[in-house]
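This report concerns only the one structure given below.
Since every read-out is calculated from the coordinates, none of them should be taken as a lab result. The structure presented is a predicted model; accordingly, all values stated were derived computationally and were not measured. Every residue, glycine as well, gets a Cβ built from its backbone with ideal geometry; the counts of neighbours run over all protein chains shown.
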Amino acid sequence: MSDAPQRKKASSAFHIVAGLGSGAVSAFLLQPADLLKTRVQQSQASTLTRAFREILNGPNPVRSLWRGVTPSVIRTGCGSALYFGMLNQMRQYATRLPAVPIVSGGEVKPATGSSSALPKLGNVANLTTGALARVAAGFIVNPITVMKVRYESTHYAYKSLAGAAKDIAAKEGMRGFFAGFGATAVRDAPYAGLYVLVYEQAKARFGAVATTGEHLKPATMSSSAPINFASGVVAAVTATTLTNPFDAIKTRLQIAPSRYGNMFKAARMMLRDEGVKSMFSGLSMRIGRKALSSAFTWTVYEELIRRAERVLV
């Protein structure tokens, strides 16, 4: 039996707190990119340059770029807390299923040389847990997402979140707060699943490149952060590009649900009236925001977990 100290696991509550902090900070820093994406996707006539110029030429351009930052921070912070909390629980559960985890000495551990502080799972388990956790978290925060998108859009003149909530409830009822959830789920499930899958694969490959000699060196906090960040960028770009059509449809449904009806009708109308390019509107902004947001959030989250577990040793 080894005399080496066993690393204790960070509590489920700490996973939630780490997700909350990393998500809230990234949402605040990247709100201008999210707002510009909404403005580009709301109309076929809008372009990134035009949307940016309209904001700069308007009153209080700096403040306008951070319009909707409060719901963004709440949504992303709470969403990240729920996502990472549930993802951790699902991954821990998956490690107890036969043939799912990589097991060493009866205990699931990150692979030697891995930059991950989380259990190492197979591709199918990474894909499945990422998708399920994201859809569950997305359902809970969807009302905040609807208010955020409408608050950012020029189609509405909401002056506060409370005003947006009252208007939606009065005109559309509770159903209005879940507008676009179908498209959101169809987008988020493959996005999150692909993200976790590509992220873990990229970390393994970057980790192998970063090592020297014949044997892999265990990752340290100083060496793991750049690997995790680069892996996050690769994963976000890949997953974002493949799922952008669902994001474009989701935005239309949340802004004008009475016009577009459902995601199938919205897709037909967008393709008929605007062509295939409408499915990729806002892609550059979404890639820029997602690449930075996801990479930053995951890097901070994993480092917080790693630091917590080092303290608990």
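Remark: region 118-205 is approximated by an ellipsoid whose semi-axes, taken from the C-alpha gyration tensor as √(5λ), come to 34, 12, 9 Å, largest first. Comparing Cα centroids, region 19-69 and region 118-177 end up 17 angstrom apart.
When only DSSP loop residues count, what trypsin sites (Lys or Arg not before Pro) in region 142-190 have their Cβ near at most 11 other Cβ atoms within 10 Å? When the trypsin sites (Lys or Arg not before Pro) of region 142-190 are filtered for loop state and at most 11 Cβ neighbours within 10 Å, K159 remain.
3J(HN,Hα) along region 271-277, derived from phi through the Karplus expression 6.51 cos²θ - 1.76 cosθ + 1.60 where θ = phi - 60°, amounts to 5, 5, 8, 10, x, 4, 4 Hz, with x in place of Gly and Pro. Electrostatic bookkeeping for H155 treats Lys and Arg as +1 and Asp and Glu as -1; over the other residues with beta carbon under 13 Å from its beta carbon, the sum is +2. Each distinct pair of alpha carbons in region 245-288 adds a 1/r term; the inverse of their mean, the Kirkwood radius, is 10.4 Å.
Cross-link check: pairs K171/K277; K166/K250; K203/K290; K37/K277; K250/K277 evaluated at a Cα-Cα cut-off of 26 Å; pairs beyond the cut-off: K171/K277. Per-residue 3J(HN,Hα) values for region 131-137, derived from phi via the Karplus relation 6.51 cos²θ - 1.76 cosθ + 1.60 with θ = phi - 60°, read 5, 5, 5, 5, 5, 4, 5 Hz in sequence order (x marks Gly and Pro).
Net charge of the neighbourhood of G58, taken over other residues with C-beta under 13 Å away and scored Lys/Arg +1, Asp/Glu -1, is +4.
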